[in-house]
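S.K.: Handing you a structure now.
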Amino acid sequence: MRTALTRADRQAQTREELVEAADRLFTTKGFHATAIDAVADAAGYTKGAVYSNFASKEDLFFAVYERRVDRRVAEMEATLTSGATAYEGMEKLIAALEQRHDDGWLAAFFEFWAHVIRHPELRGRFATIHRRVQLPIADALERLAAGHGAELPVASLPLAVASGAMQIGLALERLTQPEVVDEALGARMSRLLLDEVGKEKG
């Protein structure tokens, strides 16, 4: 016998289906080209249903971004703690990076980031979500340094931000200069940085 969904369950289901549809459309069409009406249609709801759950298109994009970050952070933390040492965990994360390409989302993400820069009221929320991906790297760098009694050349969070910025920048360059920046360059550069920060001596 099926149990009827409660009002809260139905609302949560509606929200999830809208986020899923928005993710697909933002990834294929981009942030600006995706209309709220299109998201509603793709999810099988009315435009009013979207605005019952999200204050604006930016709010909807943030929901998509946060869901992606939730999943990404869980993956990162599992990978980083799967090695016998912090170095091995970071090596595994870099190896996974070589297989991770989502150009449609990458383009939408860059588009939204540029939008945020022009709208200061959005920057704090964007930074809060964005930093969640940097914190596991910062923690791993601290463990790496502590594991062999060394000091990081730069504080762990700025170093993690710099590493992430390198990856994001190379990904952007790859979209426009694939003959110069291949899909493996980001991983190779990350390995160089990892060894510079401190490969554990065995």
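The values are calculated or read from the model by the stated rules, or taken from the named source; none is laboratory data. This one's a predicted model, so the numbers in the text were calculated from it and none came from an experiment. So basically every Cβ, Gly included, is an ideal-geometry build from the backbone, and we count neighbours across all protein chains shown.
S.K.: Given the conditions (1) under 18 Å from I129 (Cβ atoms); (2) part of a loop (DSSP other than H, G, I, E, B); (3) in contact (Cβ under 8 Å) with a residue 40 or more places away in the chain, which single one is not true for H32?
M.R.: So the condition that H32 fails would be (1).
S.K.: Test of understanding: among V161, V180, which residue is surrounded by 12 or more Cβ atoms within 10 Å (Cβ to Cβ) and among the β-branched types (V, I, T)? Explain how you work it out, then say what you get.
M.R.: Numbers: V180 fails: surrounded by 12 or more Cβ atoms within 10 Å (Cβ to Cβ).
Result: V161 is the single residue among V161, V180 that is surrounded by 12 or more Cβ atoms within 10 Å (Cβ to Cβ) and among the β-branched types (V, I, T).
S.K.: How many residues does region 80-101 hold that are of a type outside the set (A, V, I, L, M) and within 17 Å of G147 (Cβ to Cβ)?
M.R.: Residues meeting the conditions: 9.
S.K.: Does L60 satisfy being assigned to a helix (DSSP H, G or I), in contact with a Leu (Cβ under 8 Å, 6 or more places away or on another chain) and at pLDDT 95 or above? Step through it out loud before you land on a result.
M.R.: Details: assigned to a helix (DSSP H, G or I): yes; in contact with a Leu (Cβ under 8 Å, 6 or more places away or on another chain): yes; at pLDDT 95 or above: yes.
Spelling it out, L60 is indeed assigned to a helix (DSSP H, G or I), in contact with a Leu (Cβ under 8 Å, 6 or more places away or on another chain) and at pLDDT 95 or above.
S.K.: Give the residue that is farthest from H115 (Cα to Cα), with candidates limited to residues of region 1-29 that are assigned to a loop (DSSP other than H, G, I, E, B) and hydroxyl-bearing (S, T, Y).
M.R.: T3
S.K.: Condition test on F54, is it within 15 Å of the chain's Cα centre (by Cα), under 30 Å from Q11 (Cβ atoms), surrounded by 14 or more Cβ atoms within 10 Å (Cβ to Cβ) and among the aromatic types (F, W, Y)? Working first, answer last.
M.R.: On the way: within 15 Å of the chain's Cα centre (by Cα): no; under 30 Å from Q11 (Cβ atoms): yes; surrounded by 14 or more Cβ atoms within 10 Å (Cβ to Cβ): yes; among the aromatic types (F, W, Y): yes.
When the stated conditions are applied, F54 does not pass them.
S.K.: From K29, K47, grab the single residue that is charged (D, E, K, R) and more than 29 Å from L170 (Cβ to Cβ). Before you say what the answer is, go through the steps one by one.
M.R.: On the way: K29 fails: more than 29 Å from L170 (Cβ to Cβ).
One residue alone meets the criteria, K47.
S.K.: Could I ask something else about it? For Y65, indicate whether it is surrounded by 14 or more Cβ atoms within 10 Å (Cβ to Cβ), in the same structural domain as L141 (by TED's automatic domain parsing), farther than 23 Å from T128 by Cα and of a type outside the set (S, T, N, Q). Before the answer, list the steps.
M.R.: On the way: surrounded by 14 or more Cβ atoms within 10 Å (Cβ to Cβ): yes; in the same structural domain as L141 (by TED's automatic domain parsing): yes; farther than 23 Å from T128 by Cα: no; of a type outside the set (S, T, N, Q): yes.
It is false that Y65 is surrounded by 14 or more Cβ atoms within 10 Å (Cβ to Cβ), in the same structural domain as L141 (by TED's automatic domain parsing), farther than 23 Å from T128 by Cα and of a type outside the set (S, T, N, Q).
S.K.: Continuing with this model, one more query. Just to be sure, is D70 outside the structural domain of M189 (by TED's automatic domain parsing), charged (D, E, K, R) and out of contact with any Lys or Arg (no Cβ under 8 Å at 6 or more places or on another chain)?
M.R.: Details: outside the structural domain of M189 (by TED's automatic domain parsing): no; charged (D, E, K, R): yes; out of contact with any Lys or Arg (no Cβ under 8 Å at 6 or more places or on another chain): yes.
It is false that D70 is outside the structural domain of M189 (by TED's automatic domain parsing), charged (D, E, K, R) and out of contact with any Lys or Arg (no Cβ under 8 Å at 6 or more places or on another chain).
S.K.: Restricting to region 103-118, name every residue that is over 12 Å from F26 (Cα atoms) and surrounded by fewer than 18 Cβ atoms within 10 Å (Cβ to Cβ). Full working, then the answer.
M.R.: Residues of region 103-118 that are over 12 Å from F26 (Cα atoms), as a first pass: 113-118.
Those that are over 12 Å from F26 (Cα atoms) and surrounded by fewer than 18 Cβ atoms within 10 Å (Cβ to Cβ): W113, A114, H115, I117, R118.
S.K.: Restricting to region 52-104, name every residue that is touching a residue at least 24 places away in the same chain (Cβ under 8 Å) and among the β-branched types (V, I, T).
M.R.: V64, V69, V73, T85, I94 - these are the residues of region 52-104 that are touching a residue at least 24 places away in the same chain (Cβ under 8 Å) and among the β-branched types (V, I, T).
S.K.: Here's another thing I want to ask about it. Inside region 89-202, counting only helices (runs of 4 or more DSSP H) that do not spill past its ends, which hold 1 or more residues that are hydroxyl-bearing (S, T, Y), at pLDDT 90 or above and within 26 Å of V64 (Cα to Cα)?
M.R.: Details: elements: 103-117, 123-147, 156-176, 185-198.
So the answer is 123-147, 156-176.
S.K.: Can you name every residue in region 105-129 that is without any contact (Cβ under 8 Å) to a residue 60 or more places away in the chain and under 13 Å from the mean Cα position of the chain (by Cα)?
M.R.: Taking region 105-129 as the starting set, the residues that turn out to be without any contact (Cβ under 8 Å) to a residue 60 or more places away in the chain are 109, 113-114, 116-118, 120-121, 123-124, 127-128.
Residues satisfying the conditions are F109, W113, A127, T128.
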